[in-house]
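The values are calculated or read from the model by the stated rules, or taken from the named source; none is laboratory data. On a predicted model such as this, the values are computed, not experimentally measured, just so you know. In this analysis, Cβ positions are derived from the backbone assuming ideal geometry, glycine residues included, and neighbour counts consider all displayed protein chains. For accessibility, only protein heavy atoms count, side chains too; no ligands or nucleic acids. Shrake-Rupley method; radii C 1.70, N 1.55, O 1.52, S 1.80 Å.
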Amino acid sequence: MFKWMHRQHQHVTAQRQQPASSQTNEQSYDNVLEEIQAQLRHIADISYQQLHPGKDSACTLIYIESIIDKSILYDQIIKPLQAAGQAATGEELMSAALGGSLTSVQSVSVTDVKHAIAGILDGSAALIVDNLTAMCLFPLSKYSQRSISEAQNEVLITGPQEAFVESINANVSLIRHKLKHPDFKMIKYSLGEYTQTTTYLMYIEGLCDPDTLQQVGTKLSEIQIDSILGSNYVAEFIDHEPLSPFPIIQFTERPDTLVASLLEGRIGIMVDGAPQTLIVPVTFFSLMQSPEDYFQQYVASTWIRWIRFFFVIASFLVPSIYIAITTFHPEMIPSDLLTTIAAAREKIPFPALAEVLIMELTFEGLREAGIRIPRPLGQTVSIIGAIVIGQAAVQAGVVSAPTVIVVSITGIASFIIPHFELGLAFRLLRFPLLIMGGALGLYGIIIGMFIMYWHLVTLRSFGVPYLYPLAPLVLQDWKDVFWRVRWPKMNKRPYSFGSNHEQRQQTEDE
């Protein structure tokens, strides 16, 4: 474990490019400056500021104006350099800059031109001093970012309202605000040949499974791509079940969800420029939990979970069961209801399967349109959808009223699933079940459900069974699956994630 972490540290400090062919100790001051200018040519916002703080110590300060904090640059670096006019040699100037007596800005010494260029592109100011073999980097990065706001996709009524933003430093501060313990660790990666995107692997030492940590770290180290522009880039690289419609990686935009997952022994992956953080491993039942379950009274949370499970089943089974029963098994419907359905479908030109498919595809199109169009037009699409689906389609004899009711219930049920990726999986599986129900009746639905259950039972998320603790059956973890017990009863962490420190508290006996 310690050898692996040492290798990761070497990976963080190493650059993806080949080592520079020329070092500063083999070049003169002018040659180093010319090489930097050659590689950073045609960059409009780069600045080369000539300074002469000492009698024999000409130097150049190189930085990109658009990504640094100019106030710190002028007040704490340029002014002290200009005021150091009594410096006899460049060595004294560099020693003062690195030692902290010249400025309070923390600096680092580099001898490789490639490292100096990488630092400049990352928001550092590089100081090159004549007759010296080293350069000094002052980290001054300052990027424009939006302020921390409420979560857009994981909305809560009670509980914390803050959400991640695109700045990884701001996101880390949100985590450290909630998690104040020395065992909280972060391993840094720079992913993407061109973007050099900062990525943090987060875990709590002693709680997470070392084998899972090593597996995730190895996958991150093997990523070779020109750019990482979002967390989903990383998710697709580390996803070892790419053909499964069910997500084995959880996305969250809430700091409290990430902290709670880390305390369960799970691992977080935070990508700079993305407001969504990855959590591994996951189970089906962890994706069915909402953060608000833990900020409400436990009886109410349990009741809401039962409603959630009921509507999740309804979201992909109700349309196929409706087709199967009305087409193959009408004897299962009460006579009065059967008469109503038959009268409603009397003049419909399409079979039940085609009728439901038309409505489902129309509903999916309206849902996608509601997401993509500008917000001021969203209400217009809702009105048009209600008119087209609810009234005009029925009056025109294209679809029947029972079909509209079935599709509406299905659409409402799909919005109850807490995590979008899991809801998308059920939306996709709804159509194969529709076809099997329309072709084979209830027998086709049973076959489809068996295939789906077999897939879920065999599915793993970084070694964790996807249906844990139902399959395999572990009753001690049911306290936070189908119901939520009181916090005084949450004495142990979930067994599924392989935490080495199982005990959570010493209060009441289970």
**Request:** Could you please let me know if Ala83 is open to solvent by 60 Å² or more (accessible area, probe 1.4 Å), more than 21 Å from Ala44 (Cα to Cα) and in the same structural domain as Arg41 (by TED's automatic domain parsing)?
**Result:** yes
**Message:** Against the definition (at negative phi, outside any helix (DSSP H, G or I) and not assigned by TED's automatic domain parsing to the domain that holds Thr198), how does Leu127 come out, yes or no?
**Reply:** yes
**Prompt:** open to solvent by less than 20 Å² (accessible area, probe 1.4 Å), among the hydrophobic types (A, V, I, L, M, F, W, C) and not assigned by TED's automatic domain parsing to the domain that holds Tyr203, is that true of Val113?
**Reply:** yes
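From the list Leu422, Leu442, which one is in the same structural domain as Ala352 (by TED's automatic domain parsing) and over 24 Å from Phe295 (Cα atoms)?
The conditions single out Leu442.
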**Request:** May I ask you to say which residue of Leu220, Leu229 is within 25 Å of Glu241 (Cβ to Cβ), touching a residue at least 40 places away in the same chain (Cβ under 8 Å), under 15 Å from the mean Cα position of the chain (by Cα) and open to solvent by 60 Å² or more (accessible area, probe 1.4 Å)?
**Result:** Leu229
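Return the only residue of Ile445, Ile451 being under 24 Å from Leu243 (Cβ atoms), of a type in the set (Val, Ile, Thr), open to solvent by 30 Å² or more (accessible area, probe 1.4 Å) and over 27 Å from the mean Cα position of the chain (by Cα). Before the answer, list the steps.
Values: Ile445 fails: open to solvent by 30 Å² or more (accessible area, probe 1.4 Å).
Just one listed residue meets the conditions, Ile451.
Can you confirm whether Phe251 is assigned to a strand (DSSP E or B) and open to solvent by 20 Å² or more (accessible area, probe 1.4 Å)?
On the way: assigned to a strand (DSSP E or B): yes; open to solvent by 20 Å² or more (accessible area, probe 1.4 Å): yes.
Against the criterion (assigned to a strand (DSSP E or B) and open to solvent by 20 Å² or more (accessible area, probe 1.4 Å)), Phe251 qualifies.
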**Asked** Could you give every pair whose Cβ atoms fall below 6 Å, whose first residue belongs to the stretch 289-303 and is modelled with pLDDT of 90 or more and surrounded by 14 or more Cβ atoms within 10 Å (Cβ to Cβ), and whose second residue is of a type outside the set (Asp, Glu) and in a helix (DSSP H, G or I), counting only separations of at least 6 or pairs across chains?
**Response** none
**Single residue of Leu179, Leu102, Leu156 found to be under 27 Å from Leu278 (Cα atoms), in contact with a helix residue (DSSP H, G or I) (Cβ under 6 Å, 6 or more places away or on another chain), modelled with pLDDT under 85 and crowded, with 16+ Cβ neighbours inside 10 Å** = Leu156
**Residue satisfying condition, being hydroxyl-bearing (Ser, Thr, Tyr), under 34 Å from the mean Cα position of the chain (by Cα) and assigned to a helix (DSSP H, G or I), within set Ser71, Ser144** = Ser71
**Message:** Among the numbered criteria (1) under 29 Å from Leu317 (Cα atoms); (2) open to solvent by less than 30 Å² (accessible area, probe 1.4 Å); (3) of a type in the set (Ser, Thr, Tyr), which one does Ser499 miss?
**Reply:** (1)
**Item:** Number of the exception - Thr199 against (1) open to solvent by less than 10 Å² (accessible area, probe 1.4 Å); (2) in a helix (DSSP H, G or I)
**Value:** (2)
**Residue within the stretch 396-404 that is under 16 Å from Ser315 (Cα atoms), part of a helix (DSSP H, G or I) and either β-branched (Val, Ile, Thr) or modelled with pLDDT under 75 (or both) present** = yes
**Verdict on Ala20 being surrounded by 13 or more Cβ atoms within 10 Å (Cβ to Cβ), modelled with pLDDT under 60 and under 30 Å from Tyr200 (Cβ atoms)** = yes
**Request:** Run down Leu207, Leu213 and say which single residue is assigned to a loop (DSSP other than H, G, I, E, B), under 19 Å from Glu264 (Cβ atoms) and open to solvent by less than 40 Å² (accessible area, probe 1.4 Å).
**Result:** Leu207
**Message:** If Met135 meets every condition in (1) among the hydrophobic types (A, V, I, L, M, F, W, C); (2) under 30 Å from Gln82 (Cα atoms); (3) at pLDDT 90 or above apart from one, which number is that one?
**Reply:** (3)
